[in-house]
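Before any comments, here is the structure.
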Amino acid sequence: MQINTGTITNIVGPLGLSMEINECFITTAGEDWVRIENCNVHMNVKRRLQRTVIRGNEGDDLLDEGAESAIYTITGKMDMAKYKQILSIFRKEQPFFHDPFEDRQMKALFSSIDYDSATGEYEFVLMEDAEQEEIMS
């Protein structure tokens, strides 16, 4: 859901609040959403292609096999208490992530988690986990 506030469109996050551009949400099943504020979210997704070189003719035959799982790199600074909340999610069950670009909740996997206690800087890398019905379609 989007709320238009003049020239800027804000996304409504999983808590029902207006979602700022520099925040994201993560949780595990049955738990409350944890808001990560003042973060930078970088999304990388690629198409899976099958390429066949056609001999005797010019060009290639390309078959689009769909998108691969998106990779989200979340960076910023946070205090130790907030990091411990995220670490708890990392250690528990599979997390759910609220994608700020497509405004949807999805299962995800932590690929890596990195935190520097001296500076508070962190980097979390999450990979989108395709749902079974998405795989079958």
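Laboratory data are not the source of any read-out in this text; all were calculated from the coordinates shown. Because the structure is predicted, anything quoted here is derived from the model rather than measured. Cβ placement follows ideal geometry from the backbone for every residue including glycine, while neighbour counts extend to all protein chains displayed.
This table checks each residue for (1) touching a residue at least 60 places away in the same chain (Cβ under 8 Å); (2) within 22 Å of VAL34 (Cβ to Cβ); (3) in contact with a helix residue (DSSP H, G or I) (Cβ under 9 Å, 6 or more places away or on another chain).
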residue	(1), (2), (3)
ASP64	no, no, no
LYS82	no, yes, no
GLU93	yes, yes, no
PHE101	yes, yes, no
ARG104	no, yes, no
LYS107	no, yes, no
Inset, instruction - Could you list all residues from the range 37-85 that are among the hydrophobic types (A, V, I, L, M, F, W, C), surrounded by 10 or more Cβ atoms within 10 Å (Cβ to Cβ) and over 23 Å from ALA130 (Cβ atoms)? - result: CYS39, MET78, MET80
Legend entry - Options ILE86, ILE74: the member that is under 14 Å from ARG35 (Cβ atoms) and assigned to a helix (DSSP H, G or I): ILE86
